[in-house]
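One structure is given below, encoded as structure tokens.
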């Protein structure tokens, strides 16, 4: 039986300790703050990051170098026969395309999965892949399953402040000022790997309702069979919004008894674009190959 290593990147939100507990490997995504390079949960804590964000430091995201990827793959192939690498969506970064090109030199031993995910659903893919590997699936088979199911997930994000969307050019300065005056809370969505506008709401309460209603619609219309059979995993996600995310998790758990709902934090590479105070809901559907298995107690929560 082929021994398959499961590798993702830190855009998944997995900390080194969480990944180690799950038997998954993580490539840290680099970013610079005022021209100094950092790696999430390695050379900077979340607390330090958000303090720098608050101080309006210049923060730029990046991708791992080709050398870093090759060194990581080479090291894993010393103890494994194959590597499944699940980077962030190609719709949000060039990292996936770069990795796919580099993997061509590895003669079918490295499989780069472009399954259009980021954050908690990307982490979910890594967890699914790990379980499939433990069940004896080969690298090619795991790649095929994750690629087939790349749209079997959904994320809705409520942004608390327009400041960081304005800095990233997604909102004009005038629009941000007016939005702050009117207490506008944008709701964004990630479907198929791209971050898009979904709705605009007045206040947190309305924005949360919009998100929960959107999730309910997805569960009942897009993921009907998996939902009815309780083969989905829900996540309440946040950026430094601890009290609100507990309330959101409790609301989802009460609304959907029997379906696991965990709490997680967005990765710093995502947080720098939306700022603190954000709330999100993620849906992750189990692959059919795992639907007879129970992975409900496998968590990537904080």
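The values are calculated or read from the model by the stated rules, or taken from the named source; none is laboratory data. Since the structure is predicted, the reported quantities are computational estimates derived from the model, not experimental observations. Every residue, glycine among them, receives a Cβ derived from its backbone with ideal geometry; neighbour counts consider all protein chains shown.
Please determine whether any residue of the stretch 72-82 is in contact with a helix residue (DSSP H, G or I) (Cβ under 6 Å, 6 or more places away or on another chain), outside the structural domain of residue 237 (by TED's automatic domain parsing), surrounded by fewer than 23 Cβ atoms within 10 Å (Cβ to Cβ) and at pLDDT 95 or above.
Looking for residues that are in contact with a helix residue (DSSP H, G or I) (Cβ under 6 Å, 6 or more places away or on another chain), outside the structural domain of residue 237 (by TED's automatic domain parsing), surrounded by fewer than 23 Cβ atoms within 10 Å (Cβ to Cβ) and at pLDDT 95 or above, one finds at least one in the stretch 72-82, hence yes.
For (1) farther than 15 Å from residue 8 by Cβ; (2) assigned to a loop (DSSP other than H, G, I, E, B), each residue gets a yes or a no:
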position	(1), (2)
48	yes, no
53	yes, no
57	yes, yes
69	no, no
74	yes, no
88	no, yes
97	yes, no
116	no, yes
Exercise for the section: Quickly run through the stretch 24-33 and pick out the residues that are farther than 17 Å from residue 66 by Cβ and touching a helix residue (DSSP H, G or I) at 6+ places or on another chain (Cβ under 8 Å). Expected result: 24, 25, 26, 31, 33
Handout entry: Residue ID - nearest to the chain's Cα centre (by Cα), chosen from residues in the stretch 237-252 that are under 20 Å from residue 274 (Cβ atoms) and free of Cβ contacts under 8 Å to residues at least 12 places away in the same chain
Key = 242
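Residue-wise test of (1) outside the structural domain of residue 126 (by TED's automatic domain parsing); (2) surrounded by 13 or more Cβ atoms within 10 Å (Cβ to Cβ); (3) farther than 14 Å from residue 271 by Cβ; (4) at pLDDT 90 or above.
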{"residue": "22", "(1), (2), (3), (4)": "no, yes, yes, yes"}
{"residue": "28", "(1), (2), (3), (4)": "no, yes, yes, no"}
{"residue": "53", "(1), (2), (3), (4)": "no, yes, no, no"}
{"residue": "60", "(1), (2), (3), (4)": "no, no, no, no"}
{"residue": "69", "(1), (2), (3), (4)": "no, yes, yes, yes"}
Handout entry: Counted residues, the stretch 8-25 - those being in a loop (DSSP other than H, G, I, E, B), more than 14 Å from the chain's Cα centre (by Cα) and over 13 Å from residue 86 (Cα atoms)
Key = 1
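Kindly evaluate residue 117 against the criterion of being under 24 Å from residue 106 (Cβ atoms), touching a strand residue (DSSP E or B) at 6+ places or on another chain (Cβ under 8 Å) and modelled with pLDDT under 90. Show your work before the answer.
Numbers: under 24 Å from residue 106 (Cβ atoms): yes; touching a strand residue (DSSP E or B) at 6+ places or on another chain (Cβ under 8 Å): yes; modelled with pLDDT under 90: yes.
Criteria met by residue 117.
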Problem - Tally of residues being touching a strand residue (DSSP E or B) at 6+ places or on another chain (Cβ under 6 Å) and either modelled with pLDDT under 95 or over 17 Å from residue 154 (Cα atoms) (or both) across the stretch 245-258 - result: 2
Problem - Which numbered condition residue 161 fails, given (1) surrounded by 23 or more Cβ atoms within 10 Å (Cβ to Cβ); (2) under 27 Å from residue 187 (Cβ atoms) - result: (1)
Practice task
Determine the pairs where a residue that is in contact (Cβ under 8 Å) with a residue 40 or more places away in the chain and at positive phi, located within the stretch 1-30, has a partner that is buried (at least 23 other Cβ atoms within 10 Å of the Cβ) and in a loop (DSSP other than H, G, I, E, B) with Cβ atoms under 6 Å apart, the partner being 6 or more residues away or on another chain.
Solution key: 13/119; 13/267
